[in-house]
Every structure is written in C-alpha cells, then in structure tokens.
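Read the structure below first, then the notes.
The values are calculated or read from the model by the stated rules, or taken from the named source; none is laboratory data. Computed from a predicted structure; not experimentally measured. All Cβ positions, even for glycine, are placed from backbone atoms using ideal geometry, and neighbour counts span all protein chains on display. The area values use the complete protein model at the heavy-atom level, side chains included, leaving out ligands, DNA and RNA. Shrake-Rupley method; radii C 1.70, N 1.55, O 1.52, S 1.80 Å.
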Amino acid sequence: MEVVSIDNASYETNFDSRIYLDTFYGVDPQTQKVDKETKFVLSFLSKAFASGCIQGDNLIEIAAGPSIWHILSACEHFKNIYLTDYSQNNLNEIELWLNEDKHAFDWSPYIRQACELEGGRTTPEEKAEKIRKMVSFLKCDVTKNNPLHPVLLPQADCVIIASCLICVATTLEEFTAYLKNTVSLLKPGGYFIMSEYLRASKYIVGNKIFPLLSIDDTFILKAIADCGCVVEEFDEFKDFNCQGEFFDSEDIFCIKAKKM
C-alpha cells in the first residue's frame, strides 16, 4: 500500500470519496443500522441542537468530506447551511445526493436514526427535503487564515468541524493554528461543535494509507480554550468498535463550546 503525504494536492489526487463512504459508512443491508460510535455522535448533535441555544441564520460545516450526516439535526435550527471541503470530488458526492441521483450514496439509515433521536418530530423524507433546500457548497482550506478564501461570509452562528484537523495537521502547533482559523469564522457568542478521534495514526481508503496526527483529550481541551472558546460539553466514547484493518483510533469525542 502507498502512504500518502499530508498535503492538499496529494489528498485531492489519492482520496477516493466513494470508497471512503463505502468503507466507513456502508451499513449492513439486512439490519440497516448505523454503528454505535456514529450513533454516539448523532446523539450528541441531536441533544446539542435540541437545547435551543444553538440556532440562527447561518451554519458552516468545515471539511464536511463527502457526507451530510453531521447536519441532520442542525437543519431544524438554521436558515442556511454551508457544506465546505477542500476536495471538489467530495462536494460532487454530496451534490449527487442533493440531486437525488441514482448513483448517490444512501444516507437514509443515518437520516432515520437522527429522526428517531429527535423523537420522530419529522419524517426522514421531510428532513431530507429540508436539507436539500437549504444547503450551499463552498471550497475550504483550513490552513488559510480565512478557510473560505476568497469568499467572505458573515461570521456564522455555528461552526461544525469533524474528523478533519488530524488529517491535515502534522504537528500539534499546526493543529492549534488550523483550529484558530476555523473558529475565526464564528461570531462571538456563537457555538463551535467538534468531533474528532483520539490517539489515531492512520486510516486506509482503498490501497492508500493516510497518516493522522495523534491527539489526546488534554491537548484538545487546551487548544479549544486557546481559541477563545469555553467548553460547555465534552463527551467521549470509549466503546469504540472501529475496523482495525482500516483505522486505528481508540476513542472518539464530541465538544460543544461557546466563543467568547
């Protein structure tokens, strides 16, 4: 297998969006159940947005990858959602789903799970339709002071970033710098939602090995504070059941923080 260097050009060339989705988000066709670590994140997101304190006009997800699942509860509380990524291939995968293309990845098990966590207030069909009406695309690069350059948006009411910075940063100093770039998109008083993996070193997509930066909870809590955010909730999932053949993380965490 080939080890891919951590830089944008290598990622764009070597990362296969569909193989990634099939490997990490494909469900058993019989049970149609999402894995328990994904349910943990969906549950955290559902509770965070149900609290009523995270709402407004604009939400930005930085580095959404080829997926939509982090905004499944957020869509009930915002007017506009911007899904961003460095890779145009990832955005193209999302667009297939938005256009209800027959070749799109099937997110219906995840949408059903989100609806169940929300108490069935909306049907999966209603939620999917709502998302399709409110999502816009933008390119992003977390290594830039303005990750959305050259686009300038008003500072957002909420910013989500998940499973991104350990893929991009090669040092803890870079991680903190890229985190600060991301938080700069958020207005004071707005909420920052983050989900990330702890103590991981690599993940595999197809025949490509992508290195990851190993972090722990002590570091991430300090990095969030250094960005001017106060952590209101920190939850860690230790019963991780990742596929060791493709990924070697020990735990996953979620954070809800408020920008001061």
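Among the residues in the stretch 179-195, are any more than 23 Å from residue 21 (Cα to Cα) and without any contact (Cβ under 8 Å) to a residue 40 or more places away in the chain?
yes
Check 182, 176 and return the single one that is of a type in the set (S, T, N, Q), open to solvent by 20 Å² or more (accessible area, probe 1.4 Å) and at pLDDT 95 or above.
176
For residues in the stretch 1-17 being among the hydrophobic types (A, V, I, L, M, F, W, C), open to solvent by less than 60 Å² (accessible area, probe 1.4 Å) and closer than 22 Å to residue 92 by Cβ, which is modelled with the highest pLDDT?
15
Based on what the data block shows, is residue 237 in contact with a helix residue (DSSP H, G or I) (Cβ under 6 Å, 6 or more places away or on another chain) and of a type in the set (Phe, Trp, Tyr)?
yes
If you check residue 99 against the conditions, is it without any contact (Cβ under 8 Å) to a residue 60 or more places away in the chain, open to solvent by 40 Å² or more (accessible area, probe 1.4 Å) and more than 20 Å from the chain's Cα centre (by Cα)?
yes
Restricting attention to the stretch 69-114, report how many residues are β-branched (Val, Ile, Thr) and touching a helix residue (DSSP H, G or I) at 6+ places or on another chain (Cβ under 6 Å).
Of the residues in that region, 2 qualify.
So which residues in the stretch 123-151 are surrounded by fewer than 18 Cβ atoms within 10 Å (Cβ to Cβ) and outside any loop (DSSP other than H, G, I, E, B)?
If the condition is that a residue be surrounded by fewer than 18 Cβ atoms within 10 Å (Cβ to Cβ) and outside any loop (DSSP other than H, G, I, E, B), then 125, 126, 129, 130, 132, 133, 134, 136, 137, 138, 139 are the ones that fit.
Here is a check on your reading of the model: is residue 81 under 15 Å from the mean Cα position of the chain (by Cα) and either open to solvent by less than 60 Å² (accessible area, probe 1.4 Å) or of a type in the set (Lys, Arg) (or both)?
So residue 81 passes the test.
Answer yes if at least one residue in the stretch 119-127 is at pLDDT 95 or above and in contact with a Leu (Cβ under 6 Å, 6 or more places away or on another chain), and no otherwise.
no
Which condition breaks for residue 56 when tested against (1) more than 16 Å from the chain's Cα centre (by Cα); (2) at negative phi?
Condition not satisfied by residue 56: (2).
Looking for whichever is more than 23 Å from residue 129 (Cβ to Cβ) and not in a helix (DSSP H, G or I) here; the options are 84, 31. Which one fits?
Being more than 23 Å from residue 129 (Cβ to Cβ) and not in a helix (DSSP H, G or I) holds for just one of 84, 31, which is 31.
Can you say whether residue 170 is among the polar types (S, T, N, Q) and touching a residue at least 12 places away in the same chain (Cβ under 8 Å), as far as the supplied structure shows?
Judged against the criteria, residue 170 is a match.
Go through 249, 163, 195 for me and flag whichever is within 18 Å of the chain's Cα centre (by Cα), crowded, with 20+ Cβ neighbours inside 10 Å and at positive phi.
Sole residue among the options that is within 18 Å of the chain's Cα centre (by Cα), crowded, with 20+ Cβ neighbours inside 10 Å and at positive phi: 163.
So residue 108 fits all but one of (1) touching a Cys at 6+ places or on another chain (Cβ under 8 Å); (2) among the polar types (S, T, N, Q); (3) within 20 Å of residue 17 (Cα to Cα); what number is the exception?
So the condition that residue 108 fails would be (1).
Taking the stretch 18-55, which residues are open to solvent by 60 Å² or more (accessible area, probe 1.4 Å) and among the small types (Gly, Ala, Ser)?
50, 51
A quick yes/no check of all residues on (1) assigned to a helix (DSSP H, G or I); (2) surrounded by fewer than 18 Cβ atoms within 10 Å (Cβ to Cβ):
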{"site": "58", "(1), (2)": "no, no"}
{"site": "61", "(1), (2)": "no, no"}
{"site": "70", "(1), (2)": "yes, no"}
{"site": "90", "(1), (2)": "yes, no"}
{"site": "94", "(1), (2)": "yes, no"}
{"site": "103", "(1), (2)": "no, yes"}
{"site": "116", "(1), (2)": "yes, yes"}
{"site": "121", "(1), (2)": "no, yes"}
